[in-house]
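Let me begin by presenting the structure, written as structure tokens, before commenting on it.
The values are calculated or read from the model by the stated rules, or taken from the named source; none is laboratory data. Please read these numbers as outputs of a predicted model, since none were measured by experiment. Please note: Cβ atoms are built from the backbone with ideal geometry, for glycine as well, and neighbour counts cover all protein chains shown. Quick note on the areas: whole protein, heavy atoms, side chains included, nothing else; ligands and nucleic acids left out. Shrake-Rupley method; radii C 1.70, N 1.55, O 1.52, S 1.80 Å.
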Amino acid sequence: SLRRLKRMSRNPNNVNYLDAIYYAMANIHFTAGDTLQAVEYYRLAIDETEGNTAFKQEAMRFLGNFYYQQDSFLLADPLYQDLKSSLTEAADDYQSVQKRAEILAELAPHLQTIFDQDSLLYLASLPEERLQKMVDDWVSEAKKKAREEARLRNQQEALDANAEDLETRGLTSIK
């Protein structure tokens, strides 16, 4: 059941099996018609793969096909490129994955250009006040992100300096 799988995913003893757990959770959500949660868990299965690539490949295959069928080719492309490079020629769908990856590799840059151009046209069509507010929001968000990154970097540097100081004093652990 889903509840049992969630409990298993939180257990540190199952860290090497997270890909399989998330893959199973994704399948349950997809079967139940909850595609948003299914996509999230397929992504986790891809990201949490430790060594066994079978679940990662299955998750990439599923998500790639899902996005492809939804005409979300920009989302399908990186999945197919990764899947293409991870499959061996012995895989049943090796040829079809290779062909689809090739088509998407050709198509994706053009779709990205169209997407970018549409975004620019949209921005150009906005009233100046609205555009300025959006730009101000983006700048504010970028500054906020930069401050947070600097804070984390400084925090890490301080921790590293403290650890180094402890090592030079011969104190490797605090009790």
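Just one of the numbered conditions (1) out of contact with any helix residue (DSSP H, G or I) (no Cβ under 9 Å at 6 or more places or on another chain); (2) small (Gly, Ala, Ser); (3) open to solvent by less than 30 Å² (accessible area, probe 1.4 Å) is not true of Gly33; which one? It is condition (3) that Gly33 fails. Checking Asp92, Asp136 one by one, the residue that is open to solvent by 70 Å² or more (accessible area, probe 1.4 Å) and outside any helix (DSSP H, G or I) is Asp92 and no other. Within the set of pairs 6+ apart or on separate chains, which have a first residue in the range 123-134 that is modelled with pLDDT under 95, a second that is open to solvent by less than 100 Å² (accessible area, probe 1.4 Å) and outside any helix (DSSP H, G or I), and C-beta atoms under 9 Å apart? Filtered contacts from the range 123-134: Met134/Leu126. In the range 99-121, which residue that is more than 11 Å from Asp77 (Cα to Cα) and open to solvent by 80 Å² or more (accessible area, probe 1.4 Å) is modelled with the highest pLDDT? That would be Lys99. Residue count for the range 75-89, restricted to those that are at pLDDT 90 or above and open to solvent by less than 60 Å² (accessible area, probe 1.4 Å): 6.
Once the range 39-58 is narrowed to residues that are of a type outside the set (Asp, Glu) and more than 12 Å from the chain's Cα centre (by Cα), the residue that is most open to solvent (accessible area, probe 1.4 Å) is Asn52. Residue count for the range 139-175, restricted to those that are within 30 Å of Leu120 (Cβ to Cβ) and open to solvent by 100 Å² or more (accessible area, probe 1.4 Å): 5.
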